[in-house]
Structures are given as structure tokens and as C-alpha cells.
Amino acid sequence: MKKRDRKKLNDKVILFPDLEKRLLEKGLEKMQQKRFREAIEHLEEAIRLDPENSDIHIGLVLAYFEWGSLQKAKEIAADMLQKGIGEYIQIIDLYLMILVQLHQYDEIVTTIEILLEEKEIPTEKYESFTRMLEFSRRMAKEKSEMEYEEAAVEEGDTDIDLFAFKTQQEQMNVAAQLAERNIQSYIDEIKTYLHSKEGSPFFKTMLLNVLIEHAYDKEVIVEKLGRTLSVIPTQLPPVHMLPEIESLLCVLSSRIEHEDPILFENIKSLISRHSFILYPFQLDMHEEKALAAAYHTLIAEYLGLNIEEDLVFLYEVKMEEMKEALRELKQLEEISSSDF
């Protein structure tokens, strides 16, 4: 829209017929082009003209979601639910998808429990919502174990035994404190822990991140899960931006993201957890399609589904390849579940 036209609109001098529809179409077009900031501008203007239009609201939620502004997307979806804008269950699905991306599993549990109590879930959606509830309870429990707790690294204490910190809460707090301090006095202890056959894979990843944040550019040896690797921390990619993970997610996205975005986010969360445990080693034990099928199968099992044969066809893999990948993922899941 030209600035001249926008000025007239804001001054309420001229209102073009069906302008909100034109703005909605323009916003959706910009989304297709992945120009999300422009899409948001068009949709925000459209919603000022037609504040009850559910299509515009949904478009705006998705634009903010894709742009990475998850909290804003959540606020709009929550406002829609409160004001009764749009089809209730459709907006609930959207709201839950955002909560999964935000890892706000406690809120997912609360939301679904209220829906069940008030009998707001349609019969055809009941099974999927109850499976989602079970999965979110499990994830909420794991997340609660990651909360910070006071640990015993006192300021000025240069004699630190990293092996003494056994709980995840202690390990996270130690890593957070080391990230904010001069670590020169602790380099030997960190390198010893990373090179040891003992110790937590989770804590080793956090200590590597500490070295990366401090731009440590000397060689360190990492031993983890029976594998050994020599790395220079400053040359490592960020833990959540590993190219092999991006490639794996592309395979999964092409099959399920549009059909079941909540399932996709659950699988994505599991992959993220596994890659964090493995880092700096790669999740490359199998061909991508077999690995994608195995992850899909593992989450399906958590949800009480048995769809192995369907997934063999969906991902175009051999059953034995998928099962072998699944066995290794379950072994990794045992480690990550105990470590997380």
C-alpha cells in the first residue's frame, strides 16, 4: 500500500471497499515469499479494520510464529481463545503448537486437563489430545529436573572438582557461573573432565559451550559415549545449528510438518535433546531417511501407536534399516533420559 493511501486510511478519510481482504491476501502472499515482517505489517493493518476476522488473526499468529516471535504468536492465540474468535478447537491446536515450540509443557498439561474437565474436546480429537497430555507430562517432568539449584562454586575458589557435581541442577549452575568468570584458573579441570571416560555427557556439552563462549582456541579432547574427538572450541558450530540435524529435520518436515505440526515439534524436541547429549559428535549413525523414520516411530511408540509398516512406506526405507536405527535411538534415549 502506498504511504499516501495509508495516511488517508489512518485519518479515516477514505476506506477502500474490501480493503481488509486485500491486506489479508497481501499478507499471505508475503508469507509465501517468507517476507514475514512485511506480512505482519499487512496483517496488523487488516486486523485494525476487521478485529473479529478469524482468518486475519490466524494469518497473524502464523506470521509471528514463522518470524520467530513465538511469545507474540502465543499472546494473539490466547486472545483469540479468550474472545471466542475463530473455531475453538482449531485455535487450541494452534495454541498447543506454539506451546510445544516454547517448551512450555506445564501449560500444555494445564490446558488439556481443563479441556478434558470441561468436556470441550470433540470425540475425534480425544485420543490425540490424551496422547499429547501424556507426552507433555513426561516432558514437563524432565524439564523440571533442569531448573537451577544453588551449587557450591564460591567466588574466588580456584580449586574445583567438577566430578563432585552429580545432579544436573548443580552442573547447570556451575556452567552458568563459569561462563561469567575468568576461566583460566579452571581450564585444566575442564579439559580433564572432557577427556575423562567418566562424567555426564550433558555436563560435557555445557562445559564445551563455556569454552566456546570464552573463545578458547586451543585443542581439547572430548570423550563421550565411547567416542573420542579432538576439537578446537572456537571452530565448533553452535550445538543447535548442526548441519546434519538441519538436513534430518528437512526430511521429517517434508513428510509430517503440515499434516501434524504438533507431532513434528515433538520429534524436533527429541532430536534436539539427543544432539545436545552427543555434541560435538554427529548424529550420523544411519542414512537420513532411516533415522527420520526411526525418530517418527519412537515418538509414535510414546504416544501408544504402532505404525512401523506405514512409516517404512512413508520414508521409503527398509524395515530392518529402520529397526536398527530405532534400537540405537532407544539406547541413546536411555542415556539422555537419565542425563536429562
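FYI, it's all coordinate maths here, none of it is from the lab. Quantities reported herein were computed from a predicted structural model and do not represent experimental measurements. Note that we place each Cβ from the backbone using ideal geometry, even for glycine, and neighbour counts take in every protein chain shown.
Data overview
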item	result
Crossing angle, helix 261-278 versus the chain [Cα axis fit, 0-90 degrees, rounded to tens]	20 degrees
Selection of trypsin sites (Lys or Arg not before Pro), the stretch 37-123, meeting DSSP coil and at most 10 other Cβ within 10 Å	Lys119
Proxy reagent accessibility, fewest Cβ within 10 Å first, across Asp55, Asp161	Asp161, Asp55
Förster radius 22 Å - calculated FRET efficiency between Ser196 and Ile232, Cβ distance, rounded to 0.05	0.70
With eigenvalues of the C-alpha gyration tensor scaled by 5 and rooted, the stretch 162-235, Å	17, 16, 10
Rg over Rh [alpha-carbon atoms, Kirkwood Rh] for the stretch 242-297	0.94
P(r), alpha carbons of the stretch 3-144 - 10 Å bins starting at zero, rounded %	11, 35, 30, 17, 6, 1
GNM result for the chain, Cα springs below 10 Å: residue of Leu116, Leu303, Leu96 fluctuating most strongly	Leu116
The stretch 174-243 versus the stretch 44-83: alpha-carbon centroid distance in Å	41 Å
Label-reachable residues, the stretch 284-314, where backbone N falls under 13 Å from a point 7 Å from Glu259's Cα toward its Cβ	293, 296-297, 307-314
The chain - mean residue ellipticity at 222 nm from DSSP helices (-39,500 (n - 2.57) per run, n ≥ 4, rounded to 500)	-20500 deg cm²/dmol
Cα-Cα over 24 Å, subset of Lys204/Lys268; Lys268/Lys289; Lys74/Lys141; Lys218/Lys330; Lys34/Lys83	Lys218/Lys330; Lys34/Lys83
Mean projection area, nm², convex hull over Cα of the chain	21.7 nm²
Tilt relative to the chain, helix 243-252 - C-alpha long axis, 0 to 90 degrees, to 10	50 degrees
More than 22 Å apart - percent of Cα-Cα pairs taken over the stretch 243-339	19 percent
Angle between the chain longest axis and helix 123-144 axis [Cα atoms, degrees, rounded to 10]	40 degrees
Trypsin sites (Lys or Arg not before Pro) within the stretch 175-243: DSSP coil, no more than 12 neighbouring Cβ in 10 Å	Lys197, Lys218
At R0 = 22 Å, FRET efficiency that the Cβ-Cβ distance of Ser54 and Glu124 yields, to 0.05	0.60
